[in-house]
Amino acid sequence: MADLVWASMGEMARLVASKAVSPVELVRAHLDRIAALDGKLRAFITVMADSALEAARAAEAAVIRREPIGSLHGVPVGLKDLYCTKGVRTTGGSRILADWVPGEDATVVTRLAAAGGITLGKLNMHEFAYGPEGLNVHYGTSWNPWDPAAHRFCGGSSSGSGAAVAAGLCPGALGSDTGGSIRIPSSLCGLTGIKPTYGRVSRAGVLPLAWSLDHVGPMCRSAADCALMLRAMAGHDPRDPSTSTLPVPDYAAALTGQVRGLRVGLLRRSFLESAGGPQRQAVELAVRTLEGEGASVREVKLEQMKYAAGAAAAVISVEAYAYHEPWLKTRGAEYGGDVRERLLPGAFVSGADYLRGQRVRGLIREEMDRVLADVDVLIAPTLPIAAPPVGAREVDIDGRAHPMRASLIRYTRPFNVSGHPAASVPCGFTADGLPIGMQVIGRSFDEATVLRVADAYQRVTDWHTRRPPSLGR
Amino acid sequence: MASPDAPLPLTRDTLRVLARAQGLALSEADLDAVLPLVQATRALLDELASAPLADVEPTSLYHMG
């Protein structure tokens, strides 16, 4: 039974479809694990045991009756608690929405259910997604499963998604990413997560942090599982006018295992050169691995990246403040102190500053498109560090102290600003046994190539198959 | 002597006035906590002044395809 929770989502779907495993058995195995481990991990805010078992029994009956089934039929999933769920509270990790029960599902929740996915529950997160550490004063801060002895950050804001998938509490989860909130916890928790192109996946029914920077995507234990989830979620949605009408490829079919002839651009300046030693070594080795598989590698530079932090600050501060302004004026004391302090500066940014930020995004995006005309993907570290202990405000990178938050989002935020697809893929471990992640960044709407590179790398490495030692198999 | 056209320095007092003008009632503790964050945000925004933005339109409606 314990092995079942470590199967891939694809394998779970195959086991269910062939009647080798009942969806009820699969869901019970995960619920048992949640009951055993989540008291410490605090990955879930709400466990939906009854509705999950009810859905599992219906899924089992459908298999027995030989009804047509979807690609995720009977496979459990977790939802970051900012996805609206009809009849189930959606807190956004906040006290303000502690008792809010939406009247309808987010579009991606509906689509995952249509593919046969079974929701196990709502996952912990940094309050209102406004923080890269994954702190939460209201529901407790999720515990990174890779260090059972010390309370380390999972990374945020999708901290519960990171903890749950890494610990085998669910095989895949939804995250959201405004400055790195899928890729940061994926890196710190040893997962594969992809932030798709802006407009690839609907944001309808997802609590916003910053509308023009928010991205929705999956966090799983492999690129192949991300391909499975993304295919089920992606595509135009009339409820979200920013979604593209481009067709959604069969991402799983794109996973050929081949990178021969692929042109890889290595982002050394402003990225790899400033990472910590273990991260530099792991990413260098990963690039050599891709080279060994037939890819050609050359260094590339993104000159306009120096403006990414300013552009992101202009946009996120104003958009987040605009959404929260009514509550800040009437229920300000109900926010966690760190989130309230981060929201308030948006009140003091002018309209001209905001639009300058949006114009700079155009500049950054244009340069990214130009660079990606000559290479197929870019490679960079996801983070300069491994999981820090909860409470740390600074991190040490090669003997120098750096501010925690800025360090966590430095390499991920530029691709929210540009909107390009970016995945984080496990590529090694520190001497302390903490995971290291590598980013694969692609052309707009070319998630297929990003996932192909990630999957090809995972076919010749085993970083993504390792499990947190104390949790066992 | 500073020019009368020079921007006012960002202090607790100017922040308090700006906040009140928007209907935000910030306590003295709030002002202490938020002032350095506003200053840091302003510093980041000032970096954008040198960006070559001629003919670049805002991407506030951010359709990519």
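Nothing in this text is a laboratory measurement; each read-out follows from the coordinates by a stated rule. From a predicted model like this one, the values you see are computed outputs, not experimental measurements. As a convention, Cβ positions derive from the backbone with ideal geometry for all residues, glycine included, and neighbour counts pool all protein chains shown.
Between A:GLY10, A:GLY437, A:LEU266, the Cα set farthest toward the positive side of the dipole of chain A (charges on each charged residue's Cβ, about the Cα centre) is that of A:LEU266.
Along the axis of the charge dipole computed for region A:3-465 (Cβ charges of +1 for Lys and Arg, -1 for Asp and Glu, origin at the Cα centre), the listed residues A:PRO23, A:GLY121, A:PRO426 are led at the positive end by A:PRO426. Over the protein assembly as shown, DSSP H runs of length four or greater, each weighted -39,500 (n - 2.57), average out per residue to a 222 nm ellipticity of -11500 deg cm²/dmol. Among A:LEU31, A:LEU53, A:LEU120, the order by Cβ neighbours within 10 angstrom, fewest to most, reads A:LEU53, A:LEU31, A:LEU120. Extending 7 Å from the Cα toward the beta-carbon at both B:ALA33 and A:ALA17 defines two label points whose distance is 5.2 nm.
Apply 1/(1 + (r/R0)^6) to the Cβ-Cβ distance of A:VAL460 and A:LEU53, taking R0 = 41 Å, and write down the FRET efficiency to the nearest 0.05.
Using R0 = 41 Å, I get an efficiency of 0.55.
Taking B:ALA29, B:ALA19, B:ALA51 in turn, the Gaussian network model of chain B (Cα-Cα springs below 10 Å) assigns the largest fluctuation to B:ALA51. Cβ crowding within 10 Å ranks A:HIS324, A:HIS464 as A:HIS464, A:HIS324, fewest other Cβ atoms first. Computed from the C-beta positions of A:ALA61 and A:LYS306 and an R0 of 56 Å, the FRET efficiency is 0.45 to the nearest 0.05. Here the protein assembly as shown carries DSSP beta bridges of which approximately 70% are antiparallel, counting only pairs with both residues inside.
With neighbour counts taken as other beta-carbon atoms within 10 Å, the residues A:LEU302, A:LEU408, B:LEU53 rank, fewest first, as B:LEU53, A:LEU302, A:LEU408. The orientation-averaged projected area of the convex hull spanned by the Cα atoms of region A:184-268 comes to 7.4 nm². Convex hull volume per residue, computed on the Cα atoms of chain A, equals 130 Å³.
Working note: Karplus 6.51/-1.76/1.60 with θ = phi - 60° gives region A:333-348 the couplings 6, 8, 7, x, x, 5, 6, 4, 5, 6, 6, 4, x, x, 5, 10 Hz, where Gly and Pro are set to x. Dipole magnitude for region A:3-465: about 380 debye, using +1 per Lys or Arg Cβ and -1 per Asp or Glu Cβ, origin at the Cα centre.
Of B:LEU48, B:LEU26, B:LEU37, the residue with the greatest mean-square motion in the GNM of chain B, using alpha carbon springs below 10 Å, is B:LEU48. If R₀ is 35 angstrom, what is the calculated FRET efficiency for the pair A:ALA36 and A:ASP250, using the beta carbon separation as r and rounding to 0.05? Computed FRET efficiency for A:ALA36 and A:ASP250: 0.40. The convex hull around the C-alpha trace of region A:1-158, projected and averaged over every direction, spans 9.4 square nanometres. Taking N as the residue count of region A:202-360, its C-alpha radius of gyration divided by 2.2 N^0.38 Å amounts to 1.35.
What separates the Cα centres of region A:171-212 and region A:52-81 is a distance of 24 Å.
The three principal axes of the Cα atoms in region A:323-375 give end-to-end lengths of 51, 24, 14 Å, sorted in falling order.
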